[in-house]
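Trainee: Right, I'll just put the structure down here and ask away after.
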Amino acid sequence: VRAVVLGASGGIGAALADRLAARGEVLRLSRGDGDFDLTDEASIAASAARVGGDVDLVFCATGELVAPERANRQVAADALARSFAVNATGPALVAKHFLPLLAKDRRAGFAALSARVGSIGDNRLGGWHAYRAAKAALNQLVRTMAVELTRSHPQAFAVTLHPGTVDTPLSAPFQRGVAPDKLFTTDFAAGRLLSVLDGLDASASGGFFAWDGQAIPF
Ligand SMILES: NC(=O)c1ccc[n+]([C@@H]2O[C@H](COP(=O)([O-])OP(=O)(O)OC[C@H]3O[C@@H](n4cnc5c(N)ncnc54)[C@H](OP(=O)(O)O)[C@@H]3O)[C@@H](O)[C@H]2O)c1
């Protein structure tokens with residue numbers, strides 16, 4: 001197995017890379033190592049060029065919970081723009097440059113971390129406008145790119161995933177109301193996410209799945 005993890009410095013990204021290392025070669029790409037910045041397409045393209053091709057799995061584990069709004073009056077243009085840049089545009093540019101690297105002669109996959117709160121159909125609580133909207137956009141972008149992927153790489157899939165609530169710096173400020181058995185370790189979440197991917201093939205491409213394998217409504 002040849003895998004690439006973008007955002008390997010993150011809580012979930014590091015755990016994914018550690019688990020993938022047990023299966024074969026894994027390339028860990030992160031901002032701190034100067035590999036790429038989501039807001040700099042040239043750096044994403046340069047990383048893809050270094051990786052080459054014939055990849056079994058590309059996992060984009062990046063993201064940022066930008067200014068979680070609690071009321072409509074807190075909606076702000078700069079937070080919306082920032083959330084879209086990091087949570088939607090950046091991963092879409094990763095897909096643009098890394099989907100062509102997927103192996104063509106066997107099953108191969110691209111996954112990006114989204115979040116259940118990006119589900120429009122599932123949104124009853126409100127709040128977190130910029131993060132929700134950017135994750136909804138990410139789901140749409142990956143689904144759209146999956147359509148063309150089916151033509152260029154008939155055995156490949158591209159999906160977005162919800163990891164559950166995972167104990168990382170991103171979720172740290174919001175863990176207070178979470179029951180202990182609903183707060184996953186990064187290793188548990190990584191294991192579940194890789195199991196979900198193990199069960200997918202091209203027929204699942206464009207889907208949005210949770211850590212337990214359930215499809216989430218868009
Ligand atoms: N934790 C949860 O409960 C939870 C729940 C639902 C969804 N998610 C999603 O899961 C993903 C990973 O989250 P996490 O909890 O593992 O968070 P995390 O520990 O904060 O990791 C975030 C990762 O994204 C990278 N990143 C952020 N902005 C970047 C940029 N401009 N360029 C390149 N890399 C950038 C970070 O790199 P640096 O190290 O350089 O900052 C880091 O590797 C996110 O998409 C998040 O929305 C998490």
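All of the numbers you see were taken from the coordinates with simple rules; none came from a lab. Since we're looking at a predicted model, the values are computed, not measured. Note that we place each Cβ from the backbone using ideal geometry, even for glycine, and neighbour counts take in every protein chain shown.
Trainee: Take the eigenvalues of the Cα gyration tensor for the stretch 146-203, scale each by 5, and report the square roots as semi-axes in whole Å, largest first.
Mentor: With the √(5λ) rule applied to the stretch 146-203, the semi-axes are 31, 12, 8 Å.
Trainee: Going by how many other beta carbons lie within 10 Å of each one, how would you line up Leu197, Leu16, fewest first?
Mentor: With the fewest neighbours first, Leu197, Leu16 line up as Leu197, Leu16.
Trainee: Would you mind ranking Val58, Val147, Val26, Val166 so that the residue whose beta carbon has the fewest other beta carbons within 10 Å leads the list?
Mentor: Val147, Val26, Val166, Val58
Trainee: In what order do Thr150, Thr89 fall by count of nearby beta-carbon atoms within 10 Å, going from fewest to most?
Mentor: Neighbour counts put them in this order, fewest first: Thr150, Thr89.
Trainee: May I ask for the distance between the Cα centers of the stretch 24-58 and the stretch 144-160, given as a whole number of Å?
Mentor: Taking the Cα centre of each part, the stretch 24-58 and the stretch 144-160 sit 19 Å apart.
Trainee: Filter the trypsin sites (Lys or Arg not before Pro) in the stretch 50-89 down to the DSSP loop ones having no more than 16 other Cβ atoms within 10 Å, then list what survives.
Mentor: Arg70
Trainee: Straight-line reach from Lys104: which lysines fall under 25 Å, measuring Cα to Cα and dropping same-chain residues less than 8 apart?
Mentor: Lys96
Trainee: Right, something else. Just to be sure I follow: if Rg is taken over the C-alpha atoms of the chain and Rh is the Kirkwood radius over the same atoms, what is Rg/Rh?
Mentor: 0.94
Trainee: Determine the calculated [θ] at 222 nm for the chain from helices alone, applying -39500 (n - 2.57) to every DSSP H run no shorter than 4 residues and normalising by the residue count; nearest 500 deg cm²/dmol.
Mentor: -11000 deg cm²/dmol
Trainee: Among all the lysines, which ones have a C-alpha under 28 Å from Lys182's C-alpha, if same-chain residues fewer than 8 places away are not counted?
Mentor: List returned: Lys135.
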